[in-house]
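Since every read-out is calculated from the coordinates, none of them should be taken as a lab result. Quick caveat: nothing in here was measured; it's all calculated off a predicted structure. Here the Cβ is made from the backbone with ideal geometry for all residues, glycine too, and neighbour counts use every protein chain on show.
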Amino acid sequence: MADRQIIKIIEIISKVTKINPKLIDEKSSMNNLSKWDSLAHLQIIEEIEKQFKKKISTSRMGDLNSIIRISKFLKS
């Protein structure tokens, strides 16, 4: 079972990309979700900053291109 943080990240990505959350898992990333494009990525990052109250620098945004990477960043 995914932890609450992963579930929340999946909910955010689902909401922004309008992809059914059942089709998104921990291994999902920009590479395997076609609707997770550059514009959606900015919206996802913005929503993650709001929901988790953690500032993400512009230089880090590009690295946070998968659920695993986002989760690791939020735990750091």
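Numbers below:
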| quantity | calculated |
| --- | --- |
| Loop-exposed trypsin sites (Lys or Arg not before Pro) per DSSP, neighbour cap 13 Cβ within 10 angstrom, longest uninterrupted part of the chain | 56-76 |
| Given charges at beta-carbon only (K, R positive; D, E negative), |dipole| of the chain in Debye | 200 debye |
| Estimated inter-spin distance, I7 and E49, nm [label 7 Å along Cα→Cβ] | 2.7 nm |
| Cross-link pairs K18/K53; K27/K50; K50/K72; K27/K72; K27/K53; K18/K54 - those with Cα-Cα distance over 19 Å | K18/K53; K27/K50; K27/K53; K18/K54 |
| Cα gyration tensor of the chain - equivalent ellipsoid semi-axes, whole Å, descending | 17, 14, 11 |
| Relative contact order of the chain, pairs being alpha-carbon contacts under 8 Å that are 6 or more residues apart, as % | 36 percent |
| Extension gain, S34 back to S76 (0.36 nm per residue minus Cα-Cα distance, nm) | 12.3 nm |
